[in-house]
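To keep things clear, I will list the structure first and then write my remarks on it.
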Amino acid sequence: VEKVEEQLAGLRIARRCVPSEEPAYLLDIDTSTAAQPGSSRFVAVSCSNKSIRVYDRETLHFLREYSGHPGILSGVRFAHVCDSVVFSACSEGTVKCWDVRSATQKPVQVFSGYPSNVFISFDVSCSDLIVCAGTEKVDKDTFLVFWDARGITDCASTTKEPLGVYSESHNDDITKICFHPIQPNLVVSGSTDGLVNVFDINKDNEDDALISTCNSDSSVSSLGWSGEDYKQVYCMTHDEGFCWWDMAQLDTEEPITLLHVLDVRESVCAENHGLHYLVGGLYHEKAGKLFLIGGTSTGNIHVISCSSDGLSLVGTLCGGHSATVRSFCWSPTDESLLTGGEDAQLLLWKPGAVERSLTKKASLKVSSSVQKRVRVHNTSLKSRKK
């Protein structure tokens, strides 16, 4: 474990992507799994300008962009089996599926919701069989909507109707959905109602499907699975709280709560750096340990170690971003980290990497001018929302 903590603390910038013509916040990142050893992998990034950008995973070279989404994007997810297929959910009530090898701007598949659906979260099961999206609350309704995702690559541009919905288990916006990494029938959802629900979707109805309800006592911003065989669930809240539960204890007398921290900013106070926000969690399989990624508004990234005794700072990655980090993606194969932020930068961090200084100077110059434009871009976004 100590060795892994040293490695995480020793991550250094290996690559920066060239800033794009139109700077935007990088909101979510996912990477494809390589189909064959040695074949190239892809990175997909969802941006605040309603576009999805695709890069080469190793070089961070820009490959293509899917733009013209009618609504705000809530995440990107690669299919697990087919490494060139990427999904995105949009607030106008669809989940779209793209083939990144194709230059066409048309999705290969569109999963349409019901007329009032505004999707703000989604995920794809580890078997690629089911897509699930969570909605904003409209009137009194919030839905988890499910589709059959089979045959995504062989029926071009067909629109799929939902298999069905869960509508009873949350009573506010469903902010996060996460399928189990190895059991395709298990999915966890989090909401601004504070509830974190675990479902077994193989069951016939929503009542039977709901295995467990945990209360975070706050609005859920991020969640995931951890622990041996991924029997634990953790979540972060919009006021920077952290909860961690052990589902293996559901049928025992033992308490299921492993840790509940009301405000991580107060319990992990790095000297001089401080902690302003949490981004998400990463479960390190080799070390059997859960880490949290947080940061500061100036772009420093904190790696935080979790144990049932509490949280502790492992290390801080400095010198990369110049503004809030909004997304990251951990790659267990080469133990590297991708990060994206409000400075419009996409960075690849590797253990002990050395960045060539020439490119660094050039990109730092660019990033400061990028920042100015991003700020303008951001305020115009806000005023448009109103």
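Quick look at the numbers
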{"quantity": "Using θ = phi - 60° and Karplus 6.51 cos²θ - 1.76 cosθ + 1.60, couplings along segment 278-284 (whole Hz; Gly, Pro as x)", "calculated": "10, 9, x, x, 9, 9, 8"}
{"quantity": "Cleavage-rule hits (chymotrypsin sites (Phe, Trp or Tyr not before Pro)) in segment 112-172: DSSP loop, at most 11 neighbouring Cβ within 10 angstrom", "calculated": "none"}
{"quantity": "Rounded percent of accessible protein surface that carbon and sulfur make up, segment 1-351, 1.4 Å probe", "calculated": "47 percent"}
{"quantity": "Convex hull projection area averaged over all views, the chain, Cα basis, nm²", "calculated": "18.9 nm²"}
{"quantity": "Mean separation of Cα contacts under 8 Å, 6 or more apart, over the residue count of segment 191-301: relative contact order %", "calculated": "17 percent"}
{"quantity": "Accessible surface of Phe42 - all protein chains present, 1.4 Å probe, nearest 10 Å²", "calculated": "30 Å²"}
{"quantity": "Highest average packing first - 69-75, 325-331, Cβ atoms within 10 Å", "calculated": "325-331, 69-75"}
{"quantity": "Loop sites in segment 87-142: trypsin sites (Lys or Arg not before Pro), DSSP, at most 16 other Cβ within 10 Å", "calculated": "Arg101, Lys140"}
{"quantity": "Estimated [θ] at 222 nm from DSSP helical runs (n ≥ 4, -39500 (n - 2.57)) normalised by residues in the chain, nearest 500", "calculated": "-3500 deg cm²/dmol"}
{"quantity": "Sequence of Tyr25, Tyr114, Tyr66 from largest to smallest accessible area, 1.4 Å probe", "calculated": "Tyr114, Tyr25, Tyr66"}
{"quantity": "Segment 1-351 - accessible surface per residue (Å², probe 1.4 Å)", "calculated": "41 Å²"}
{"quantity": "Stretch gain in nm, segment Ser212-Asp172, where the contour uses 0.36 nm per residue and the Cα spacing is subtracted", "calculated": "12.6 nm"}
{"quantity": "Principal axes of segment 1-71: Cα extent on each, largest first, Å", "calculated": "47, 28, 22"}
{"quantity": "Given 16 as the ceiling on other Cβ atoms within 10 Å, longest exposed-site-free region of the chain for GluC sites (Glu not before Pro) in DSSP loops", "calculated": "169-252"}
{"quantity": "Cα-Cα over 22 Å, subset of Lys96/Lys289; Lys106/Lys176; Lys3/Lys289; Lys50/Lys140", "calculated": "Lys96/Lys289; Lys106/Lys176; Lys50/Lys140"}
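The values are calculated or read from the model by the stated rules, or taken from the named source; none is laboratory data. Just so it is clear, the model here is predicted, and its values are computed rather than measured. We place every Cβ from the backbone using ideal geometry, glycine too, and count neighbours over all the protein chains shown. Accessible surface areas use protein heavy atoms only, side chains included; no ligands, DNA or RNA. Shrake-Rupley method; radii C 1.70, N 1.55, O 1.52, S 1.80 Å.
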